[in-house]
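The structure under discussion appears below in the form of structure tokens.
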Amino acid sequence: MMFVLLFGPPGSGKGTQASALAGRLAVPHVATGDIFRKHLREGTDLGRLARSYMDKGQLVPDLVTCDLVASRLGEADAAGGVLFDGFPRSVPQLYWLIGHLAGKGRALSAVVNLRVPDELILGRMTGRRTCTNCGATYHVVSAPPAADGTCTRCGSAVTQRRDDQEEVVRDRLVAYADQTFPCLAQLRDRTPVHDVDGVGSISEVQGRIFGALAL
Ligand code: AMP
């Protein structure tokens, strides 16, 4: 039973690493940001609510987010564990998760914290482009999409996420420092947190994560 948390500031490469790590652990990759974006694309009430926060670089309220995670954890494929990416992101979310898992006789297995210096983050984020269909990410300089601007994985349009614009990125970094960082500090008192250097190529960082978890 594996319940693994992946932390890292926006732009730390968390999403990219999470999908590889989930594959290796053979558990589903649960990214709350991806789930919110799916609702947004489908125009659901939850999507509209989430957008009003996401566009400002703020966290969606804890109750809404925890409800969403509870229903995801109730799906059959999550019974053997999941890799969380971008959840929990606040101290109340963390304690909700610990309580929710305890209610099912489960506990957190491991925490990975990807570290990237602030000065690298803004360039990574503002250059980031995302597939509107499958969510694959690109970077205008270091990992561009196909020459016609489409996704190399699924052929759909690749665009800049509204919340990857510089003003919003700055607010997301503030939310990370104010709300998510304290959550990580609380975790350190109860679960081993593996700090991993997030600077380097995708495969270098992946190697460090797998090494830290002895995979
Ligand atoms: P991400 O794709 O993880 O960077 O998330 C994009 C946006 O979705 C965040 O800036 C938040 O507005 C929202 N979001 C994602 N995960 C959470 C969470 N655990 N709690 C609250 N808001 C979240």
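Any read-out appearing in this document is the output of simple, stated calculations on the displayed coordinates, not a laboratory observation. Everything quoted here is computed from the prediction, not taken from an experiment. Cβ coordinates were reconstructed from backbone atoms using ideal geometry, including for glycine residues, and neighbour counts include every protein chain displayed.
Worth a mention:
- Ranked list, fewest to most other Cβ atoms within 10 Å of each Cβ, for Arg153, Arg124: Arg153, Arg124
- The alpha-carbon atoms of segment 67-137, seen along their principal axes, cover 42, 29, 19 angstrom, with the largest extent given first.
- Amide hydrogen proximity for Arg161: with H placed 1.01 Å from N in the peptide plane, the residues at 5 or more positions away or on another chain lying under 5 Å are Thr130.
- Cα centroid separation - segment 8-23 against segment 100-143, whole Å: 4 Å
- Descending Cα extents along the principal axes, segment 97-145, whole Å: 46, 30, 13
- In this structure the amide hydrogen of Phe7, modeled in the peptide plane, comes within under 5 Å of the amide hydrogens of Val112, Asn113, Leu114, none closer than 5 places in sequence on its chain.
- Computed from backbone phi, the HN-Hα couplings of segment 43-50 come to x, 6, 4, 4, x, 5, 4, 4 Hz, rounded to whole numbers (Karplus: 6.51 cos²θ - 1.76 cosθ + 1.60, θ = phi - 60°; Gly and Pro given as x).
- For the chain, share of DSSP beta bridges that run antiparallel, in % to the nearest 5: 30 percent
- For the chain, the convex hull spanned by the alpha carbon atoms encloses 120 Å³ per residue.
- Stokes-Einstein translational diffusion, segment 89-215 - Kirkwood Rh over all Cα pairs, 0.890 mPa s, 25 °C, in µm²/s: 145 µm²/s
- Ordered by the count of other Cβ atoms within 10 Å of each Cβ, fewest first, Arg89, Arg162 give Arg162, Arg89.
- Shown in residue order for segment 114-127 are the 3J(HN,Hα) couplings computed by the Karplus curve 6.51 cos²θ - 1.76 cosθ + 1.60 at θ = phi - 60°: 7, 10, 9, x, 3, 5, 7, 5, 4, x, 5, 6, 6, x Hz (x for Gly and Pro).
- Net charge contributed by nearby residues that have their C-beta within less than 13 Å of Val4 (K/R +1, D/E -1): +2
- Amide hydrogen neighbours beyond the local backbone of Gly81, cut-off 5 Å, H modeled: Met2
- In a reduced charge model with +1 at each Lys and Arg Cβ and -1 at each Asp and Glu Cβ, the chain shows a dipole moment near 280 debye about its Cα centre.
- Per-residue ellipticity at 222 nm, computed for the chain from helices alone with -39500 (n - 2.57) per DSSP H run of at least four residues, works out to -13500 deg cm²/dmol.
- Proximal lysines relative to Lys38, as straight alpha-carbon distance under 25 Å, when same-chain residues fewer than 8 apart are discounted: Lys14, Lys56
- Per-residue 3J(HN,Hα) values for segment 37-42, derived from phi via the Karplus relation 6.51 cos²θ - 1.76 cosθ + 1.60 with θ = phi - 60°, read 5, 5, 4, 4, 4, 7 Hz in sequence order (x marks Gly and Pro).
- Segment Glu167-Ala78, extension gain: residue separation times 0.36 nm, minus the distance between their alpha carbons: 28.5 nm
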